[in-house]
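Student: Mind looking over this structure? Questions follow.
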Amino acid sequence: MSVTFIQRKLIGIIGLVLWGIVLNLFFIPKHREPESSVHEEALRHPSYVRTRRGSDWASETEPISSPLEYAHLIINYHKTGHELAYSLQELVLSNFPDMQRENGARPRQHPSSAEGCTHIELPPGKIVVQEAPHFFCDTNNLAEMLLANRGRFHREEEQRIPKRGIKILHLVRDPFSMAISNYNYHSQDPTPEGWVRDKTRDVCEKKVFFGETLAELLLPTLVSPGVDFDKPPIVTKEGFDMLYDKCNHLFRAQPGFEDESYYFHLRHLDPSHAIKLSTLQQLVNGGDIFLMANNIIKLNQIRTIQSRVNELNQGGNTMKSKYDKIQILTMSLSDFTHYPRRSTLKYLNFVYGNSLSRESKGRIATQYENSFIKRAETGDLHITHGNDNEEMLRNTLLNDMIGKYLNNIASVVSETLVAEMSEKDYLSQVALAVGGQ
């Protein structure tokens, strides 16, 4: 190596050092904060909140949005948390006075064969409890219905409030537990619901909505439950026909039962037959177990579209999607019965974000837990209690053809809840940190 080469390298290095000194003296602010400090301050600033994109919690920041800018919907089914849904609605209303209650549509009602989805009024600043909605329309029309803003006017400013989106709490349950709870609830003496004593009521009847049976409305989704139609059917037309036939072989089919009520059957049939009849009614007549599966799939389809749009955007696209405005939190009733404080806190984080302090949300969740424990201890009929017959009833269903369809639905429920846990990891960490449960 020559001396001349070494000299050239030294001169180059000295030149770079001198240029750096000049930049530092004349062009770079002397008290510039490191980028990380600026970012951390932005996250601490009260006008910013960490936001979620698809299945990940993004690192960017956005202005805080008030719960009043969203519509809030709580979906439940018979024995997935009817009373819980209204308790959570009241919890939100009592701690956010500007929020208002909106009545849901009649449960299990189908508007028309053309629309296919239960019409629910969902203006911003309202919280709606909806039992057993029919989500039979296509995903695009469902999204349009959820995001429609027929609006309300602010009490003071008389201005139409813009609708930033909708937040949906979907209360679900393991279908076996749902069926057993349904049987134990309706067969109580005295029974909490009078309709079960109606001798004119046929609990195996094929319900018809504008010329279509419940089975015909459910089958397009349940036959092809995957977004890409790659999953086995939950139930087929032949399966529905077999369930109807089985129901009719149990209801008013035995001597002495011909003109009796559903309640009489629940009380006087052998429990191994009574649990089957009760579950068949909930599957094909009331339909709530199949409706729950249908609606989980429909809402999952919306989430899948959200994820795909986000993946495209990460690749450099800038697609805008209405589906981003639909936020869905799926929770199991067992979450609230086993971990009332932590589960309530998770829902409060979903509704309020950081527009309500962590301390306030913790206090509200503790109050709910205390109230729940008190109601459970006093024997509230609407709170699920374990029974000695549960194992026998579950085994009866498992060993019957009914168990096949309940298992298929159980897979949909559990897959969704597992996915929810991973997607909502940030919320779970907050709940654990605050709740200590």
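Student: Filter the stretch 354-370 down to residues that are surrounded by fewer than 18 Cβ atoms within 10 Å (Cβ to Cβ) and not acidic (D, E), then give me how many there are.
Tutor: 10
Student: Suppose we keep only residues that are modelled with pLDDT under 85, open to solvent by 50 Å² or more (accessible area, probe 1.4 Å) and among the small types (G, A, S) within the stretch 384-437. Which one would you say is nearest to I296 (Cα to Cα)?
Tutor: Looking at residues that are modelled with pLDDT under 85, open to solvent by 50 Å² or more (accessible area, probe 1.4 Å) and among the small types (G, A, S), I get S422.
Student: Now for a different question. With the structure loaded, tell me whether R108 is in contact (Cβ under 8 Å) with a residue 24 or more places away in the chain, basic (K, R), open to solvent by 10 Å² or more (accessible area, probe 1.4 Å) and in contact with a Gly (Cβ under 8 Å, 6 or more places away or on another chain) or whether it fails that test.
Tutor: The answer is yes for R108.
Student: Would you point out which residue out of F229, F264, F240, F251 is of a type in the set (F, W, Y) and at pLDDT below 95?
Tutor: Residue meeting the stated conditions: F229.
Student: Oh, and also: Of all residues in the stretch 170-194, which are closer than 16 Å to G286 by Cα, surrounded by fewer than 14 Cβ atoms within 10 Å (Cβ to Cβ) and under 29 Å from the mean Cα position of the chain (by Cα)?
Tutor: E193
Student: Let me ask something else about it. Restricting attention to the stretch 200-217, does a residue exist that is surrounded by fewer than 18 Cβ atoms within 10 Å (Cβ to Cβ), under 28 Å from L299 (Cβ atoms) and small (G, A, S)?
Tutor: Yes, that holds for at least one residue.
Student: Of everything in the stretch 253-265, what is surrounded by fewer than 24 Cβ atoms within 10 Å (Cβ to Cβ) and closer than 14 Å to H186 by Cβ? Give them in sequence order. First the steps, then the outcome.
Tutor: To start, the set of residues in the stretch 253-265 that are surrounded by fewer than 24 Cβ atoms within 10 Å (Cβ to Cβ) comprises 253-261, 263-265.
Listed by number, the residues that qualify are S261, Y263, F264, H265.
Student: Over 13 Å from I402 (Cβ atoms) and in a helix (DSSP H, G or I): does that describe E258?
Tutor: no
Student: What number of residues in the stretch 369-383 are at pLDDT 80 or above and either of a type in the set (K, R) or within 25 Å of the chain's Cα centre (by Cα) (or both)?
Tutor: As a first pass, look at the stretch 369-383 and keep what is at pLDDT 80 or above: 369-377.
Within this subset, residues satisfying the condition of being either of a type in the set (K, R) or within 25 Å of the chain's Cα centre (by Cα) (or both) are 369-376.
Qualifying residue count, the stretch 369-383: 8.
Student: Also, I was wondering about something else. Among the residues of the stretch 166-206, which ones are among the hydroxyl-bearing types (S, T, Y) and assigned to a loop (DSSP other than H, G, I, E, B)? Let's see the steps before the verdict.
Tutor: First, the residues of the stretch 166-206 that are among the hydroxyl-bearing types (S, T, Y): 177, 181, 183, 185, 187, 191, 200.
Correct list: S187, T191, T200.
Student: Give the stretch 103-139 a look and list any residue that's at pLDDT below 85 and among the acidic types (D, E), or say none.
Tutor: Matches in the stretch 103-139: E115 only.
Student: To continue, here is another question. Go through the residues of the stretch 237-248 one by one and say whether even a single one is of a type in the set (A, V, I, L, M, F, W, C), under 21 Å from Y405 (Cβ atoms), open to solvent by less than 60 Å² (accessible area, probe 1.4 Å) and touching a Gly at 6+ places or on another chain (Cβ under 7 Å).
Tutor: no
Student: Which count do you get for residues in the stretch 306-353 that are at pLDDT below 80 and of a type outside the set (K, R)?
Tutor: 16
Student: From S272, S224, grab the single residue that is open to solvent by 10 Å² or more (accessible area, probe 1.4 Å) and under 22 Å from N141 (Cα atoms). Let's see the steps before the verdict.
Tutor: Numbers: S272 fails: under 22 Å from N141 (Cα atoms).
Matching residue, one of S272, S224: S224.
The values are calculated or read from the model by the stated rules, or taken from the named source; none is laboratory data. These numbers come from a predicted model, not from an experiment. Note that each Cβ is placed from the backbone with ideal geometry, even for glycine, and that neighbours are counted across all protein chains shown. Remember, those area values only see protein heavy atoms, side chains included, never the ligands or the DNA or RNA. Shrake-Rupley method; radii C 1.70, N 1.55, O 1.52, S 1.80 Å.
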